[in-house]
Each structure stands twice: as structure tokens, then as C-alpha cells.
Amino acid sequence: MKESYFPQEIEKKWQAVWEETKAFKTLDNSDKPKYYALSMFPYPSGKLHMGHVRNYTITDVIARFKKANGFNVLHPIGWDSFGLPAENAAMKHNADPETWTDENIAYMTKQLKMLGLSYDWDREVTTCKPDYYKWTQWLFLQLYKKGLVYKKEAAVNWCNECGTVLANEQVIDGKCWRCDSVVEKKYLSQWFIKITEYADVLLEDLDKLPGWGDNVKTMQANWIGKSKGAIFNFPVIDAPSGEEMYVPVYTTRPDTVFGITYLVVAPEYKDIEKLTTAENEEAVEEYRANARKMTEIERLSTDRVKTGVPLGTHCRNPFNGEVFPLWTADYALVEYGTGAVMAVPTHDERDFDFAKKYNMPMKVVIENPENPSDCKDAAYTEPGVLVNSGEFNGMKNNEAKKAITKWAVDKGFGEFKTQYRLRDWLISRQRYWGAPIPVVYCEKCGIQAVPEDQLPVMLPKDVDFSVAGKSPITTSKTFKDTICPVCGGHAVRETDTMDTFVCSSWYYLRYADANNSEKCFDRDVVNHWLPVDQYVGGIEHAILHLLYSRFFTKALRDCGLLDFDEPFKNLLTQGMVLKDGAKMSKSKGNTVDPDEIFENYGADTARLFILSDSPPARDFDWSDAGVEGCYKFLNRVWRLISTNADNITLDYKLNFPLEKSNDDLVRTVHMAIKGITNDISNDFQFNTVISKYRELTNAIYDWQGGKASEYSEEDKQVLSFAIISLMKLMSPVAVHLTEEAWHELGGVGSIHEQPWCEWDENLAKSSSITLVVQVNGKVKDKIDVDADLSQDEMKQVALDSPKIKAQIEGKTIVKTIVVPGKLVNIVVK
RNA sequence: GCUCCAGUGGCGGAAUCGGUAGACGCGUUGGACUUAAAAUCCAAUUGGGCGUAUAACCCAGUGCCAGUUCAAGUCUGGCCUGGAGCACCA
């Protein structure tokens, strides 16, 4: 065995062997229980970054650990390869997005292999390939048939920079999630998926996910934003047309209806023109035009002074007969509730601000009996008792919510209403590099789905990327014109493509049956492998991808395609990779190229280091010194093995009782096995796993230092046990080093096929313990004693200690607490 | 403003149930080996009492203030700070 560690050499060698032998291929049929370990698949942007390295290493170690523990493990990888960067690169370099994407995939595949990841490459999926997007289109059609896809004219988020619309989830602080430019509102006819139909079950089923972090679950719950309230219809008494009109209002505060002093509709409110008098028309029109021009940021800014104009018409309050004016103001949002708000300035901060500015009347209707507020300086929004509220006076406001709504229901102008903030998912994109939406427009028959046997609707090749201001796909001469599947007449293809998040909402299902050319996936196969047992990825997908995927799973279940309702049983959201305290990014120039690490230190060092310093969920600060330290450690392990190679045998036998130093080492090994196994099993605490590798290595070195130059036969057996255990324990992390050493020591097959180490509970216990003796809860002495001392004996040892004697001298012992195997606490006065 | 998460040495972090605070590593300092360096090995490393060294001892200490307990990094209440998410959602 070579004395020095040459990672580059051995890594290349074993990667080739694994690839050739398909070492990590997963068979569907196995007697073993299944385990599905999944990393969020990458966008092929060009090169791997350290975030990828961290993500894939974590999942890889989990997959290997589970495999060694007797599971049939599915550990696949693929490419989320549709999307704008490919198209932008195409425009910039005048290449085509497919070539750009393919080249990136090829390069990144090479890097993944260099990292020594145990993927089943036969299940690789690539979302931009027709054999994948055919099924994305097919699933679109299933949802369409199910009534979960529709097209409508709507105010949508438009990013000028990207030249396309965005889903609500893709607008961050009023800016585009991708390019950070300000998002505008546009009125366009667009395709939507009815995710709102699943709002309630998406919220409720979060409780079925104990394996998800609370942070992600609360983020989703907030995003879905369920609130309970009521809708009341307010009759308009002076509509200019003279017709009978009502303005429905959604409120979560039915208890405050007696305090309404005006009503606000959003500038985009559908009936606003009919509710405006001739005298006010000009001002209202101007106000609305202004609101249209405003960006989402300006409009939604909370510190902006509220503005509005009166419509000139009035409503009657059916609860008390009072008459109040109608206004339009942009603090009312057309997309939420009914687009109209009943204003109670005394008990709502926003209404209060508005009322102050425009001198609206105010009327207190909720009061804290102990500390009544006149609401002159601020709205009172705390609980209280109803006043000035007719027959409801004296009622607690929380009870009044129900009573008042019920009253309105009985009288026929109100209903109980649950409202969600979640909006339908806008999926059409005016871009080229995505899955074409499989519908056509026929002059006679209207919108028609493309028949399933005509899928995939292929992306055209004859497109011009240099035309600004419109989707490149519309420049194709061959794509648009087609035949209507119903009447056979002329039809025009939809030129919008799907949001890439549609592609990534079901890829984890395809892995289970990746090579099925007949079906999207086989129901039984998917039912077997899913749900994913462990999903690992970045927190940035907490809402977007994870919510969409949960929706897809539920919708496909309802389409009868599968039989489970949550896709990801356990979710590990890994922290970011930082350098010098800031997220690694090209713009900050603090990135570390994985290739350089592979080249200088090898993949095993990279894997070890990325797991070593922080628990997976926390942010990880990259340090060059840390990499160096891990490299030195691997050298140290290698040296330990190589210098002892002649004394190591794979079929060692331990004949108890052992000589003391040997007994101690065997005990240390058992403790390490136990500790490492538990640390991986509980929450994947890889940082402590690695510290235990180091402890065990240190212990073997210490043991060796205490030995004479010549080992006894027993020494050799014990050393073999220790070193082979260390190698097996390290095999999920240092995948190449351990494989090489395994073979150098005469191992047959792969170390990665070996079962995990087992420990003996009795041998994992120390024969002696350090007894901690406290006086009044403060540690005063530590005494080495036999582990199996009785409680009385422990107490006696404690009282016999000279240090303790000195401490308690002249005091009375009030009581003595003995914690078996740990400590004695003497309470004195 | 609301929600969630976090706060422990110079740094990353460790500490099943409340039971030795600081495992393991990085860094630093000193030493061994070497002509020298690299590599390697050994030792020290929370602060203070404590500015010769050695050995020992004592006190304080896990963001802050209270509380529960024989015993609190860990539990409870109230704050402070940082991060993340949502945010005119009626």
C-alpha cells in the first residue's frame, strides 16, 4: 500500500469503476424496504457551485448510509433545464438554447461524477427534452380536463426585462425574482392553474408533515393566508343609472359594522363606472389612470400616504339604516376579497389614516370597559365590548362577529366566508425555452386541447432570438399554423410556454419510472417509491417549488394517477454556503470553484469539509484553512491505514477478555459506532459525525503510541477491528479513500456494498465513570469510580472526598441527590 | 407591523432526559524533528484573581432581567439583538 495519499489518482480510478459496473443502479424489485433520497435537481447554469456541492453531498451521504443499513435506495438526479438563462445566453451569443443547455449539462455531469455521488444515472431526467416535456404537456391536459386549468384576462405581473409575465410567487418586493427589475401590471389573457381550489387542503395537510421544519410550514401557511370572516351586501341608494345595485364587501370584523362611515372600492373594481356620478367621473377616471401607471412597489408601499376620491354615490348600512359615501382608493386591492372594503376608522388603522386625511366621521363601536378609548389619535383594534351597536350592545366583540353575521345571513344580505390570500398560479410565459402549452385556437371551435396522441408539441427550431419585444417562438414560420383537431380547419397554436415550475412540480415522480415511453409513469411504481423519504434542498424553494409540488401531487391523486397526497415526507432545508460572512456570489467575487478544490485536494476532502463545520440546516462559512484541515485529516487517516497495512486482517477475531489498552480501544470503537449511527439517524448531524471520526482516529493513534514496536497477535486483531470500523464509518463521506483502502487490504467487492457497523450496548459503555460531586449544585470534585457503583456507594465516595469534606464542614446536610452513573449533589445549610 | 428561526471562547461549533459548559476542528502561542523549510509530532489556549515559573486553589461565565428547581446553555415569563419570510390581504 502506498504510503502517501494521492486523492486525484484514486478518485479517478474508482469513479471509472463505479460507472462501468453501474455500481449505484437501483432495481425496482427488491426484498428490502425502499428509501427515496432526493436532492432538488439543478438548473444547468454552467458549473456547479458550492451550494450544489453541499446539497448533493448531504443527500449522497444519507443515501449511502441508508443503503448500508439495508434499504433499497433510490437516489436519482436530473436537470431542471428549461428557463430564461438559456434563452438569454442564446440571445447574447447567438447560439441556440438547446446547445447551450446540453453543453452545461455535459460539464456539470462530469463534475457530479467527480464528486463521487452515488446516482442511478439510468434514471436521469432532463426537463427540456421531448421525452420529458411530452409528459409535462400531457399532465397539463389532465389538469385541463379536470377543470384545473383556465385562461382569463387578468392584471398580471409583467417583467419588461425578461419580456414575460410572472407568477405572484415570483414577484419579490415588487421586483422580478430573477432579474430584480421592477414589475409592472399589465392586462393580458393568460393561462392559470387553479391552485386556490386546493388552498384549504394545502394548508391543512401541513399538519401531516412532522418531518418538515416549522419555518417552511409557517411560510407556506402565511402564503396561503387563510382568514375567516363574512361577506355583506350593501345596497346602493343612488346609482346614476337608477338600477338596483349592491356592493359586496369582505370583512374579518363583522363586529364593527355599526361603525362603518364610508366604503372603498379598488380603482380596478369592475362596477366602478356604474357607481360614479357624472360630476365625479373626471376625478375618478384620473385617479384610476394614475393607479394604473403606478408600479407594484409604489402601490403597495405601506408608508405611502393613502389617497382616494369620492364616487359621489352612497350605500345604506342594512344593520342600522345609516347612509355613507362610496370612495375609490388604491389601498383596496381588487384581487382580494370582493375588491371592496367597508371602512371603520375607529377600529382599523388603515381606515383611520384615510379618515383622518379626508375628515371622515368616526364612531366608536368597540370599547375596553376598563380603559375606554375615544379613538381620536389611533384606532382601537384590541378586543372589547360592543357599544353604539343597537341590539348587540354589551356583547363581547369576538362573540358579536358570529352573531352579527348570523343576523345578516338570516336577513338575506350576508354570508360566512373563508378567504385565502393565495392566488391562482399564472403559468403562461411569453418565452421560447419552455414546454409549449398544448392548445390550439380555431376560428370556429375556439380553444382546443391538442389530442394526446399528437404530443409532444415540439419546440420549433426556426426561431429568431434577435427580435426584441416579443417571444422568439412567434418568429417561427412552421410553428403557428396547424389544423383544428375538431373541425380539421385552420387553427393557430398557443405560443406561450409553461412556467418552468410546472416542469419541476412532478420530476420526482418521473424518477420512479424514468424510462417509461408509454406512460407518464406507472401508478404502481410511483406508489411504491413515493413519497420521497428525504428531500434536501435550499430554503429559497420554501414556497414556490414546494407548494407547487404539493399541489401537483394532490391534483394528480384526484386525477387518479397516484395514491398518496404529500410528495415529500421529510424535508431538510440546507443553509447557504457563505464566504467571509456573505453568500457566495459572482457579483461579490467571493465564490470558490469546486473544480479547484477537486484538483487541489480531491472530492473526498470537499465532501468532508462541506459537512464538517456546521449542521446541515445552518449556514456554512467556507474557509480555506478548514479545507486544508480536512485534507490533513484524510492524510492522517491514510497514514494510519497504510503504515499498519501489514498488520490488518479483514477476518479479525476478538477473544475476550482483552488486555486493558485493547479493551479500551474496542470500547472506544463501539462508542464511535453508536454515536455516529445516532448522529446520522437523528437529524443528519454530520458535523458531529465528523468530529467522531477524528476522535476515533486520535484514539487509534494514541493506542498505537502506547504499544511496543512489535504488536502482539491480540493487538493486531484489535487494530484490524478499529481500522476497518473506521473505514466503514467513513465510507459514506470519504467514498474514494475508503474504497481504495478496502481493496488495498484485500477486501472483496466494494466497501459501499458492506453492511453498516453494529455496536454492542455493553461494549459501548465505559467501565468507569467520572463521578461529579456538587455542593449546592456547584461542582466541587470529580472522582473516577466504577461504573456499576450503587447509589449508596456513590454517596459514600462523595462524602469521603477530602475536598467535599472541606466544603461541608460545619454545615448540615439537608439532602443528597444521587443521579446514577453521573453525579451526587449534596445540599447543605 | 405580523410570523418563524437563531444568539455559547479569537472563529466554526459541541453538550439524548434539566445533571462535568466549551467535545471536535480552525486560528494563535510555545516546543520537538530539520542545515533550513514543508510535512509530522507534543503541549497550552473562556475570562479574572495572577506581570517569574511550577503546582494548586478561588471567583465569574452560554444576549439581558426575573422565575421554577437540589441543579438551568437546556424549562417558564418579559425584554434586547441578528437573520429569514410575509406585508395597505380589510
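The values are calculated or read from the model by the stated rules, or taken from the named source; none is laboratory data. The structure displayed is predicted, hence computed values, not measured ones. Virtual Cβ from ideal backbone geometry, glycine too; neighbours counted across all protein chains shown. In case anyone asks, the SASA skips ligands and DNA or RNA and just uses the protein heavy atoms, side chains included. Shrake-Rupley method; radii C 1.70, N 1.55, O 1.52, S 1.80 Å.
How long is the gain from A:Ala289 to A:Asn168 if the chain were fully straight, where each residue apart is worth 0.36 nm and the alpha carbon distance is subtracted?
Working: separation 121, 0.36 × 121 = 43.56 nm, distance 2.28 nm.
Length difference between fully extended and current span is 41.3 nm.
Percent of Cα-Cα pairs more than 54 Å apart in chain A, please. Spell out each step's value before the answer.
Values: 109520 of 343206 pairs.
Summing the P(r) of chain A above 54 Å gives 32 percent of all pairs.
Relative contact order of chain A: what whole-number percent is it, with Cα pairs under 8 angstrom and at least 6 residues apart?
Working: 1506 pairs, mean separation 116.7, N = 829.
Result for chain A is 14 percent.
Which whole-Hz ³J(HN,Hα) couplings does the stretch A:452-463 yield from phi under the Karplus relation 6.51 cos²θ - 1.76 cosθ + 1.60, θ = phi - 60°, glycine and proline marked x?
Per-residue couplings from phi come out as 4, 6, 9, 7, x, 7, 6, 5, x, 9, 8, 10 Hz.
Please report, largest first and rounded to whole Å, the three semi-axes of the ellipsoid equivalent to the stretch A:40-154, where each semi-axis is the square root of five times an eigenvalue of the C-alpha gyration tensor.
Numbers: eigenvalues 173, 102, 28 Å².
Each semi-axis is the square root of five times an eigenvalue, giving 29, 23, 12 Å.
Expressed in whole Å with the largest first, what are the equivalent ellipsoid semi-axes of the stretch A:703-829 derived from the C-alpha gyration tensor as the square root of 5 times each eigenvalue? Kindly include the intermediate steps, with their values, before the conclusion.
Values: eigenvalues 446, 55, 29 Å².
So the equivalent ellipsoid measures 47, 17, 12 Å along its semi-axes.
Students often get this wrong, so check it: of A:Lys145/A:Lys226; A:Lys175/A:Lys569; A:Lys22/A:Lys569; A:Lys194/A:Lys417; A:Lys113/A:Lys175, which have C-alpha atoms separated by over 30 Å?
Values: A:Lys145/A:Lys226 28 Å; A:Lys175/A:Lys569 32 Å; A:Lys22/A:Lys569 28 Å; A:Lys194/A:Lys417 19 Å; A:Lys113/A:Lys175 37 Å.
Result: A:Lys175/A:Lys569; A:Lys113/A:Lys175 exceed 30 Å.
For the stretch A:676-829, calculate the relative contact order in percent as a whole number, restricting contacts to Cα pairs under 8 Å that are 6 or more residues apart.
Computed value for the stretch A:676-829: 15 percent relative contact order.
Identify all lysines with a Cα-Cα distance to A:Lys2 below 17 Å; exclude those on the same chain that are fewer than 8 residues away in sequence.
Correct list for A:Lys2: A:Lys12, A:Lys13, A:Lys632.
Step by step: find N for the stretch A:630-680, compute 2.2 N^0.38 Å, then divide the Cα radius of gyration by it. What's the final number?
Taking N as the residue count of the stretch A:630-680, the ratio is 1.39.
Subtracting the Cα-Cα distance from 0.36 nm times the residue separation, let me have the gained length for A:Glu103 to A:Asn776 in nm, one decimal.
Details: separation 673, 0.36 × 673 = 242.28 nm, distance 6.96 nm.
Here the answer is 235.3 nm.
Given a Förster radius of 22 Å and the C-beta distance between A:Asn69 and A:Glu20 as r, what FRET efficiency does 1/(1 + (r/R0)^6) yield to the nearest 0.05?
Values: r = 26 Å, r/R0 = 1.19.
It comes out at approximately 0.25.
Which value, in Å³ per residue, describes the convex hull spanned by the Cα atoms of the stretch A:670-731? Each step should come with its number before you reach the end.
On the way: hull volume 4.3 nm³, N = 62.
So the per-residue hull volume is 69 Å³.
For the stretch A:345-488, report the % of Cα-Cα distances exceeding 22 Å. Don't jump to the answer; show the numbers that get you there.
Details: 6811 of 10296 pairs.
Tail fraction, whole percent: 66.
In units of 2.2 N^0.38 Å, what is the alpha-carbon radius of gyration of the stretch A:97-142? Mind dumping the intermediate values first?
Numbers: Rg = 13.3 Å, N = 46, 2.2 N^0.38 = 9.4 Å.
It is 1.41.
Taking a ≥ b ≥ c as the square roots of the Cα gyration tensor eigenvalues, with a/c under 1.5 meaning rounded and otherwise prolate when a/b beats b/c, else oblate, which class fits the stretch A:530-685? Show your work: numbers first, answer last.
Working: a/c = 2.93, a/b = 1.46, b/c = 2.00.
Because a/c hits 1.5 or more and a/b fails to exceed b/c, the stretch A:530-685 counts as oblate.
Provide the per residue accessible area, probe 1.4 Å, for chain A, rounded to a whole number of square angstrom. Working shown, then result.
On the way: 36670 Å² over 829 residues.
Result: 44 Å² of accessible area for each residue.
How long are the semi-axes of the ellipsoid equivalent to the stretch A:605-655, from square roots of 5 times the Cα gyration tensor eigenvalues, in whole Å, largest first? Write out the running numbers ahead of the final one.
Numbers: eigenvalues 200, 42, 8 Å².
Values for the stretch A:605-655, descending: 32, 15, 6 Å.
Roughly speaking, what is the stretch gain from A:Asp593 to A:Ala221, that is 0.36 nm per residue apart minus the C-alpha to C-alpha distance, in nm to one decimal? Display every interim value, and only then the final one.
Numbers: separation 372, 0.36 × 372 = 133.92 nm, distance 3.71 nm.
Residue separation times 0.36 nm, minus the Cα-Cα distance, leaves 130.2 nm.
For the stretch A:671-679, take each phi angle, set θ = phi - 60°, evaluate the Karplus expression 6.51 cos²θ - 1.76 cosθ + 1.60, and give the result in whole Hz per residue in order, putting x for glycine and proline.
For the stretch A:671-679, the Karplus-derived couplings read 5, 5, 4, 4, x, 5, 4, 5, 5 Hz, x marking Gly and Pro.
Ratio of the stretch A:94-191's C-alpha Rg to 2.2 N^0.38 Å, to two decimals? Walk me through the numbers before you get to the answer.
Numbers: Rg = 18.2 Å, N = 98, 2.2 N^0.38 = 12.6 Å.
Compactness ratio reported: 1.45.
Stokes-Einstein D for the stretch A:487-594 at 20 °C, 1.002 mPa s, Kirkwood Rh over Cα pairs, in µm²/s? Each step should come with its number before you reach the end.
Working: Rh = 16.8 Å.
It comes out at roughly 128 µm²/s.
For the pair A:Asp784 and A:Thr277, how long in nm is the line joining their label points, each one 7 Å along Cα→Cβ?
Going by the 7 Å Cα→Cβ label model, 9.7 nm.
Taking amide H atoms as placed 1.01 Å from N in the peptide plane, list the residues 5 or more away in sequence, or in a different chain, whose amide H sits under 5 Å from that of A:Leu572.
A:Tyr535, A:Val536, A:Gly537
Hey, can you grab everything whose amide H is under 5 Å from the amide H of A:Lys34? Only 5+ residues off in sequence or another chain; H modelled, so Pro and N-termini drop out.
When sequence neighbours closer than 5 places are left aside, the close amide H contacts are A:Asn72.
Using every Cα-Cα pair within the stretch A:198-349, state what percent have a distance larger than 24 Å. Show your work: numbers first, answer last.
Values: 4894 of 11476 pairs.
In whole percent, the share of Cα-Cα pairs in the stretch A:198-349 beyond 24 Å is 43.
Please give the FRET efficiency for A:Tyr441 paired with A:Thr252, using the beta carbon to beta carbon distance and R0 = 41 Å, rounded to the nearest 0.05.
Numbers: r = 42 Å, r/R0 = 1.02.
Efficiency computed from Cβ-Cβ geometry: 0.45.
Mind pulling up the Rg/Rh value for the stretch A:272-376? Radius of gyration and Kirkwood radius, both on Cα. If you can, show how the numbers build up before the last one.
Details: Rg = 15.3 Å, Rh = 15.4 Å.
Using only Cα positions, Rg/Rh for the stretch A:272-376 is 0.99.
Calculate, for A:Ile237 and A:Lys411, the FRET efficiency according to 1/(1 + (r/R0)^6) with r their C-beta to C-beta distance and R0 22 Å; round to the nearest 0.05. It would help to have the intermediate numbers written out before the result.
Working: r = 17 Å, r/R0 = 0.78.
The calculated FRET efficiency here is 0.80.
If I model a spin label at A:Thr688 and A:Lys586 as a point 7 Å from the Cα along the Cα→Cβ vector, what separation in nanometres do I get?
Modelled inter-label distance: 4.0 nm.
Give the carbon-plus-sulfur fraction of the accessible surface of chain A in %, rounded to a whole number; probe 1.4 Å, heavy atoms of protein chains only.
Numbers: 17900 of 36670 Å².
After summing per-atom areas, the C and S share lands at 49 percent.
Quick one: Karplus J couplings for the stretch A:12-18, per residue in order, coefficients 6.51, -1.76, 1.60, θ = phi - 60°, nearest Hz, x for Gly and Pro?
Once rounded to whole Hz, the list reads 4, 4, 6, 4, 5, 5, 4.
Using only Cα positions of the stretch A:214-295, each an equal point scatterer, no hydration layer, compute I(q)/I(0) via Debye at q = 0.10, 0.13, 0.25 Å⁻¹ and quote the log10 values to two decimals.
The Debye formula, applied to the Cα set alone, gives -0.40, -0.63, -1.20.
Starting from the Cα of A:Lys477, step 7 Å toward the Cβ, then list every residue of the stretch A:427-466 with an amide N under 20 Å from that point.
Of the residues in the stretch A:427-466, A:458-466 have backbone N under 20 Å from the label point off A:Lys477.
Per the helix-only calculation at 222 nm, which mean residue ellipticity applies to chain A, given -39500 (n - 2.57) for every DSSP H run of n ≥ 4 and division by its residues, nearest 500 deg cm²/dmol? Intermediate values should be presented prior to the final figure.
Numbers: 24 runs with 293 residues, N = 829.
-11000 deg cm²/dmol, from helical runs alone.
Could you bin all the Cα-Cα distances of the stretch A:557-644 into 10 Å bins starting at 0 and give me the percent of pairs in each, rounded to whole numbers?
Final binned percentages: 14, 33, 23, 15, 11, 3, 0.
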